[in-house]
1. Are any residues in the range 16-57 open to solvent by less than 40 Å² (accessible area, probe 1.4 Å) and in a helix (DSSP H, G or I), and if so, which ones?
2. Quick one: THR134 ticks every box in (1) within 22 Å of GLU56 (Cβ to Cβ); (2) part of a strand (DSSP E or B) except a single one, so which number is it?
3. Among the residues of the range 58-73, how many are more than 16 Å from GLY163 (Cβ to Cβ), open to solvent by 40 Å² or more (accessible area, probe 1.4 Å) and at pLDDT 85 or above?
4. Which of (1) farther than 24 Å from ASN4 by Cα; (2) outside any helix (DSSP H, G or I) does VAL191 not meet, given it meets every other one?
5. Any residue at all in the range 74-90 that is closer than 19 Å to ILE150 by Cα, without any contact (Cβ under 8 Å) to a residue 12 or more places away in the chain and surrounded by fewer than 16 Cβ atoms within 10 Å (Cβ to Cβ)?
6. Scan the range 98-120 for residues that are in contact with a helix residue (DSSP H, G or I) (Cβ under 9 Å, 6 or more places away or on another chain) and either under 20 Å from SER156 (Cα atoms) or of a type in the set (Gly, Ala, Ser) (or both) and jot them down.
7. Please go through the range 58-71 and give me each residue that is in a strand (DSSP E or B) and out of contact with any Ser or Thr (no Cβ under 6 Å at 6 or more places or on another chain), ordered by number.
8. Any residue at all in the range 146-166 that is of a type in the set (A, V, I, L, M) and either open to solvent by 20 Å² or more (accessible area, probe 1.4 Å) or outside the structural domain of LEU70 (by the TED database) (or both)?
Amino acid sequence: MPENYDHYISKNIKAFYKRRLAAPIIYLIVLMLAWHFFSLSAVFSPDILPDDTSLETTFRGGKQYISTTLSDLKFTGYTQSIFGHTNGYYYYTMRDEECIIVLLSPNTSEEGLPSIEEVTIKGKISKGNENFDTLLSNLSTDLNWTENGIRNKVSSYYISEPGFNHVGNWILFAAIFITGIYALLCIVLSVIYMFFPVLSPACQDLALFGNPKKMLEQAEEELATLPQLATEDMFITEHFFIETSVYGNAIVPIDEIIWIYKYSTLHKFFWYHFSISYTLHISANKHLYIQCPKNIKSDIDGIIDYLSEANHDILVGFNEKNRLKVQEIQGTPMHFEKFIAFLNKRV
């Protein structure tokens with residue numbers, strides 16, 4: 001434990017949010033790298049397929065998602081099915097002296113029109129797979145061509161309109177956007193709390209009982225001058241209970257605490273029990289709830305004993321009697337029971 005507690009609470013709040021910067025920063029870097037290397041922007045703004053460039057050249061150039069206009073498409077007679085549902089209809093057409101296969105969605109092809117004069121689609125260029133090879137084999141039989149002959153004439157890459165997957169792309173975009181904004185917000189808030197600890201949630205909880213800035217200054221002064229009890233990450237001063245751990249920070253006026261108890265957690269790996277940790281639970285007025293996890297039993301017992309002596313109105317121990325007493329003192333948040341009764345009455 002440090003011997004000097006000057007501005008100890010603020011220093012720990014700053015250190016806590018400094019550690020929390022790493023995860024969102026790494027996530028945003030990974031997100032930007034994935035956006036660049038996997039060309040995710042093309043999913044939402046596909047490239048125009050050049051008229052004089054083959055599908056293979058376009059694919060190898062890193063452009064999988066494209067927009068193009070095709071003309072004079074002929075139905076091959078074959079479809080693609082997924083779980084018994086027709087996912088698309090295979091067509092072929094000539095494109096700058098290259099015969100290509102195009103998989104059109106049921107809506108675009110109107111459930112397999114024999115021919116389509118012109119169509120503009122957004123699709124994904126894919127390399128032929130086993131199903132594609134089967135299609136070419138069957139098509140060569142239908143046309144009385146050899147397999148080598150049809151493979152020399154037809155590109156080994158094809159355009160799949162269902163592969164573009166509009167719904168899936170928008171779900172992906174929403175996930176990227178929401179998680180990216182959340183990560184950015186975490187970074188901004190962490191930086192703010194690092195420079196202005198009084199704005200952090202641990203300090204703003206004090207607004208329930210008074211001026212957060214003045215109460216933080218008072219807690220800092222009491223901890224720096226004469227802490228009444230100190231463990232590794234929990235402290236008691238004349239007027240405050242203070243937590244400064246890697247799991248979070250908390251400052252609670254002792255005279256506002258109404259219930260304290262400890263909860264044990266058995267840590268095991270398969271059948272082997274290797275440790276027990278204890279969590280201190282504190283309930284204070286104005287529905288403020290604090291948890292101090294992964295402490296040792298002697299530290300929590302010392303804290304509970306000291307707090308119960310400092311404030312004889314504090315209820316100690318987890319039992320139904322104390323729970324009901326706290327509920328009576330606290331009331332139900334947002335008058336929930338009255339709201340339910342009102343709904344029942346209306347029904």
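The values are calculated or read from the model by the stated rules, or taken from the named source; none is laboratory data. Note that the structure is a prediction, hence the values are computed from the model and not measured. Methodologically, a virtual Cβ is constructed for each residue, glycine included, from the backbone with ideal geometry; neighbour enumeration extends over all protein chains shown. Accessible surface areas use protein heavy atoms only, side chains included; no ligands, DNA or RNA. Shrake-Rupley method; radii C 1.70, N 1.55, O 1.52, S 1.80 Å.
1. Result: PHE16, TYR17, PRO24, LEU28, LEU31, ALA34, ALA42, VAL43, LEU55.
2. Unmet for THR134, out of (1) within 22 Å of GLU56 (Cβ to Cβ); (2) part of a strand (DSSP E or B): (2).
3. Total meeting the criteria: 4.
4. Only one criterion is unmet by VAL191, namely (2).
5. no
6. GLU98, CYS99, ILE100, ILE101, LEU103, LEU104, SER105, GLY112 - these are the residues of the range 98-120 that are in contact with a helix residue (DSSP H, G or I) (Cβ under 9 Å, 6 or more places away or on another chain) and either under 20 Å from SER156 (Cα atoms) or of a type in the set (Gly, Ala, Ser) (or both).
7. TYR65, ILE66, SER67, THR68, SER71
8. Checking the range 146-166: not a single residue is of a type in the set (A, V, I, L, M) and either open to solvent by 20 Å² or more (accessible area, probe 1.4 Å) or outside the structural domain of LEU70 (by the TED database) (or both).
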